[in-house]
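K.L.:
Please see the structure below; I have some questions.
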Amino acid sequence: MSSSSSADDSPSPEYDSGEFASSDWAPPISHHSSSGGATGSARGHLGARDEEGLQRSIDYTQAPCQDENSISIELDDDEPDESGPLPEVIGGYRVGTRLGRGGMGEVFQAEHRSMGRTVALKILPAKLLGRSGSIERFHEEIRAASRLMHPNIVTAFDAGQSEGIHFLAMEFVDGKTLSQIVAEEGPLSIGDATSAVRQAAFALHHAHAAGIIHRDVKPGNLMRSKEGTIKLLDLGLARFARNWHNANESKLGNSKIGIIDPKQLASPPPQPHNNGSPGSPQTHESLHPLSSPRRSLLGTLAFISPEQLEDPESADARSDQYSLGATLFYLLVGHPPFPGEMIDQIYGHRHGEIPDLMTYRQDVDLTLANIVNRMLAKSPAQRYASMDEVARAMSPYDNDRSTPAWVLDFAERKVDEERSTANEVSRSTRATRNKILSVLGIDMGLTHAATAVGLPDGNIQNGWPSLTSGRPQPLFRMAVAERPATSNTPGGEVLFGQAAYELRKDYPHLVSHCQTMYFGRHEMLRRVAGRMCPPLVAAALCLRRLVGNTLMNHCTAQKSTPPPVPGSHDSGSSDGSIDSVLGATWQRHESWPDAVAITVPGCYDQLHRRSVYTAARIAGLPSVRLIDRGVAIAQFALRSDQGDAEKQSDQPPRTSADEGPETILYVGLTGQALDVSVIRRRGRKIEQIASAGHWQQNATTWSSRLVEMIQSRLVHRPRRRSNPNANRSWLLHAAKVQIAGERAMNSLLLLPETSVEIQHDGKTETVQLSRAKWLESCEVLMTSIEQCIALACSRAEISAENISRCFVLSPILRLPPIRQRVFASLGKNTSIEFFDYPDAAIGAAACLMSELPGHRSGVLPAQCSASHSVGFVVSEATGKRKILPIITRGTPTPSRTNRQLGGTAKDEALTLALVESSGLQDEAWHTLGRHRIAVDASEQSPTRKIGFEVDINGLLSVHLERPDLGRTVRLPSLPELDVSLDQWEDWREWVEDQA
């Protein structure tokens with residue numbers, strides 16, 4: 001076996017010269033073309049080129065990129081080409097121009113004498129006939145090609161032997177290989193690249209379903225016809241999957257080929273080197289130490305998977321996926337992910353950090369970058385489970401212009417069992433691909449929400465989501481209610497914001513507020529417009545009104561006219577003011593955002609994250625992104641630091657390379673949760689490295705201490721009765737005490753003492769409260785904050801004294817006695833900085849803008865991590881059950897892993913029981929739910945491959961391999977919510993009508 005490296009930095013053409021006689025096998029349709037008309041993959045006569053033409057072939061892609069280094073099998077490096085002249089006719093085919101050649105054969109343009117059909121005729125050269133295994137491998141390719149009939153795979157028409165010449169007749173494609181297109185035109189657009197990869201994924205999925213692994217996926221083996229169809233070429237290195245092996249393959253395995261010692265290739269990290277100018281030839285000296293007449297490396301080094309480097313025979317479908325991911329990177333950037341000398345490439349595939357695609361192109365968003373990262377994961381278990389998942393991931397970016405009609409028709413007809421919103425997102429982003437996307441940031445708290453609007457110039461403004469007495473306000477009260485009928489006003493009107501919250505004093509059973517506290521509680525229903533709404537739907541109503549108010553105030557501000565004053569003292573009043581400014585169909589207004597970021601506490605579990613996400617989707621918000629609040633605050637601080645530096649200096653702002661790393665502690669004590677994160681800032685990159693906290697340890701526990709104090713000091717307290725009608729007095733009294741406790745806490749944050757009055761049943765009682773007594777009752781709560789800070793620092797493996805900055809979001813923690821107590825462990829030089837809820841909204845918008853094309857301005861997307869571990873329950877042979885963690889707390893997201901779920905012959909179904917860590921210190925587990933997976937009764941030991949993924953929003957999804965369907969399917973999301981997927985559309989339409 002031999003290897004060769006071309007003199008150029010890009011994929012080399014298969015030239016008819018002695019120097020390249022032993023180069024790697026070209027696909028049936030070759031890399032480069034002449035200036036003449038298209039004649040298959042070469043589109044010309046490659047034999048007519050000479051070495052001078054080789055020097056002229058250098059193009060855009062060659063400067064940073066080395067050759068594809070395809071390494072073929074058992075081909076002597078120095079053996080001359082002894083092939084004699086071919087017969088004019090081989091097996092009924094009139095042989096024409098040679099299209100390409102390589103170590104595994106030669107390809108000619110030919111014509112069937114009887115049918116007149118032009119084909120690409122691949123023959124086995126005479127010099128290979130006497131070599132052990134050559135004929136077997138050629139027939140192996142024929143058998144592989146005969147199994148496959150797919151629009152994206154070059155079709156095999158005929159095969160046989162004539163006059164001692166083995167041949168394979170294949171479909172002749174009029175077009176160019178993707179490597180040739182990149183060489184001539186430069187990197188492809190996102191739409192063109194993803195369209196090509198999506199079609200290639202269709203082809204590979206079909207091959208994998210037939211038990212065939214390609215093992216040499218690369219741009220040179222993918223060809224785009226004039227009609228736009230991508231064709232997968234060259235099955236010369238393909239092998240049958242383990243479960244498809246036959247007796248002949250075992251015979252081939254006895255013909256052992258040479259092996260490169262893995263230890264010889266596992267070198268230390270390569271030192272930076274200069275690849276030379278685009279026109280300077282590269283020497284082959286780097287290959288000489290490893291040169292051997294026989295090698296077992298199969299594939300193309302620039303695109304080969306790490307496991308294929310170790311053992312080509314162990315390559316499976318996920319190895320092809322890695323190569324396809326490297327191909328996508330090449331199409332988008334113009335060079336492979338790990339260019340350089342041979343050793344550099346081997347080290348890169350095995351150990352190198354995956355290059356950040358967003359640093360190469362400004363039009364790449366974070367989702368696409370994460371897709372590439374997943375395909376290029378070092379561990380096969382972290383990649384997609386199958387190629388149909390890759391095709392679905394490409395769908396939102398696919399450019400219709402580059403996709404043949406049959407693919408579009410297939411996509412339209414295919415039923416999406418996941419009910420994915422990917423196509424909806426694709427439609428919204430595809431139309432705006434060439435313009436700056438509009439962004440909205442929302443800090444969604446327990447009682448209030450703030451918004452921020454991303455402007456086309458990259459700046460972000462406060463959203464001013466509400467009005468009071470005709471003046472915009474920075475916070476919107478998250479409350480909704482149906483106005484009761486009274487003697488003065490008719491009932492049935494839907495109220496929002498402060499207008500709805502005011503009803504809480506007299507009609508607490510009608511008001512839906514603090515919705516995030518009640519997610520998952522089926523008894524917390526409220527009647528709104530004739531329907532009983534769960535908290536999730538009530539949150540959707542508030543979110544939609546929140547966005548409408550923000551857009552209304554933003555539009556009126558742009559027109560320099562005062563915003564209209566609603567009939568009520570709060571903009572939540574449903575008096576048509578939004579319609580009067582934006583129109584009745586204001587969801588289609590030009591100001592409607594293309595993407596929305598919503599903050600959530602970093603410690604939120606699956607139930608709360610999924611509930612917030614679902615509420616946003618039911619509200620009709622597009623492309624929803626959940627941002628951990630601590631990360632949003634850190635991003636806001638980063639923008640503020642940059643703005644201050646630019647104002648104070650005439651010098652250009654420092655780059656990320658000029659700025660040293662700093663460690664940040666974020667502590668948020670809000671109505672939603674006690675939320676602690678350790679964040680590392682490296683220049684303009686923010687990374688969340690550890691988190692702690694719990695949603696039950698929130699600010700309401702502090703106000704509840706005051707409620708208990710008030711309740712204990714009241715003389716007249718109605719008793720709770722079993723009769724619901726008799727409980728009305730108790731309910732009203734409890735609501736008044738609760739409101740009094742909340743107001744008392746706000747007062748004690750400013751004053752040492754305060755008093756509250758409770759009026760009920762014609763009696764008025766006054767209660768005196770002091771800050772000292774309140775803080776004394778909150779001793780345990782302050783201790784819990786200290787414990788969370790220590791726990792987060794411990795998980796980050798850092799001392800609290802080494803924290804550079806501490807970011808705080810909490811009115812309670814501003815109080816000096818509390819601040820001095822809970823932050824006592826921090827170093828003397830640690831700066832403590834306080835932020836407000838509108839700052840978090842701006843930070844959320846900034847995070848989202850850094851992930852979208854055209855917005856970044858050098859700021860890299862933030863990196864979050866999983867706040868809880870997820871796992872599933874397994875049964876041991878003894879019958880004992882245990883929990884197997886699959887994605888652990890602290891894992892950077894998005895993250896994916898695959899597991900095998902097995903059973904016994906007596907099982908009618910496999911049970912997948914999912915669990916999530918819980919508790920203040922993640923010391924316990926709680927169930928997320930179960931999936932029941934049906935199996936065939938004939939299966940002796942049923943097994944299924946399961947893919948687990950925690951996405952960029954922190955949401956868990958489970959993907960099941962379905963052999964009966966030939967693809968993977970996404971299982972229903974767990975835990976189950978108050979609103980099922982079947983009810984989404986109905987609730988969405990209703991919410992649109994009401995808000």
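The values are calculated or read from the model by the stated rules, or taken from the named source; none is laboratory data. Keep in mind the model is a prediction, meaning the values are calculated, not measured. Please note: Cβ atoms are built from the backbone with ideal geometry, for glycine as well, and neighbour counts cover all protein chains shown.
K.L.:
Name the single residue that is modelled with the lowest pLDDT among those in segment 366-419 being among the β-branched types (Val, Ile, Thr) and assigned to a helix (DSSP H, G or I).
P.N.:
Taking the candidates together, the pick is Val407.
K.L.:
Further, regarding this structure: Is there a residue being part of a helix (DSSP H, G or I) and at pLDDT below 85 anywhere in segment 564-577?
P.N.:
yes
K.L.:
Right, another one. Can Ser134 be described as surrounded by fewer than 21 Cβ atoms within 10 Å (Cβ to Cβ) and among the small types (Gly, Ala, Ser)?
P.N.:
No; evaluated as a whole, the condition is false for this residue.
K.L.:
For segment 748-763, give me each residue that is surrounded by fewer than 16 Cβ atoms within 10 Å (Cβ to Cβ) and touching a strand residue (DSSP E or B) at 6+ places or on another chain (Cβ under 6 Å).
P.N.:
Scanning segment 748-763 gives Glu753, Ser755, Glu757.
K.L.:
Can you pull out the strands (runs of 3 or more DSSP E) entirely within segment 109-217 that have at least 1 residues that are within 30 Å of Pro85 (Cα to Cα) and without any contact (Cβ under 8 Å) to a residue 24 or more places away in the chain?
P.N.:
So the answer is 156-162.
K.L.:
Another question about this same structure. Any residue that is more than 29 Å from Thr516 (Cβ to Cβ) and either modelled with pLDDT of 95 or more or not in a loop (DSSP other than H, G, I, E, B) (or both) - is there at least one of those in segment 721-728?
P.N.:
Scanning segment 721-728 turns up no residue that is more than 29 Å from Thr516 (Cβ to Cβ) and either modelled with pLDDT of 95 or more or not in a loop (DSSP other than H, G, I, E, B) (or both).
K.L.:
Hey, another quick one. So, of the residues in segment 358-395 that are of a type in the set (Ser, Thr, Tyr) and in contact with a Leu (Cβ under 9 Å, 6 or more places away or on another chain), which turns out to be surrounded by the fewest Cβ atoms within 10 Å (Cβ to Cβ)?
P.N.:
The qualifying residue surrounded by the fewest Cβ atoms within 10 Å (Cβ to Cβ) is Thr359.
K.L.:
It is to be established whether one or more residues within segment 211-232 are at pLDDT 60 or above, at positive phi and surrounded by fewer than 17 Cβ atoms within 10 Å (Cβ to Cβ).
P.N.:
Yes: one or more hits.
K.L.:
Still on this structure, please answer the following. Can you tell me how many residues within segment 498-525 are surrounded by 21 or more Cβ atoms within 10 Å (Cβ to Cβ) and among the charged types (D, E, K, R)?
P.N.:
0
K.L.:
Just to be sure before I move on: is Glu801 in contact with a helix residue (DSSP H, G or I) (Cβ under 6 Å, 6 or more places away or on another chain) and part of a helix (DSSP H, G or I) in the structure I sent?
P.N.:
no
K.L.:
Here's a follow-up. Filter segment 345-357 down to the residues that are surrounded by 21 or more Cβ atoms within 10 Å (Cβ to Cβ) and touching a helix residue (DSSP H, G or I) at 6+ places or on another chain (Cβ under 7 Å) and list them by number.
P.N.:
Correct list: Gln345, Ile346, His349, Leu357.
K.L.:
Could you say which residue among Ala449, Ala431, Ala422 is at pLDDT below 65 and surrounded by 15 or more Cβ atoms within 10 Å (Cβ to Cβ)?
P.N.:
Ala422
K.L.:
For Ser867, work out the one condition from (1) of a type in the set (Ser, Thr, Tyr); (2) more than 30 Å from Phe476 (Cβ to Cβ); (3) in a loop (DSSP other than H, G, I, E, B) it doesn't fulfil.
P.N.:
(2)
K.L.:
Additional query: Looking at Tyr604 and the list (1) part of a loop (DSSP other than H, G, I, E, B); (2) in contact with a strand residue (DSSP E or B) (Cβ under 7 Å, 6 or more places away or on another chain); (3) at pLDDT 85 or above, which single condition is not satisfied?
P.N.:
(2)
Quick grid of which residues meet (1) within 19 Å of the chain's Cα centre (by Cα); (2) farther than 28 Å from Leu956 by Cα; (3) not in a strand (DSSP E or B):
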| site | (1), (2), (3) |
| --- | --- |
| Ala841 | no, no, yes |
| Leu848 | yes, no, yes |
| Gly871 | no, no, no |
| Arg889 | yes, no, yes |
| Thr897 | yes, no, no |
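K.L.:
I've got another one for you. Could you tell me which residue of segment 174-187 is nearest to Leu324 (Cα to Cα), considering only residues that are surrounded by 23 or more Cβ atoms within 10 Å (Cβ to Cβ) and of a type in the set (A, V, I, L, M, F, W, C)?
P.N.:
Filtering first and then ranking leaves Leu178.
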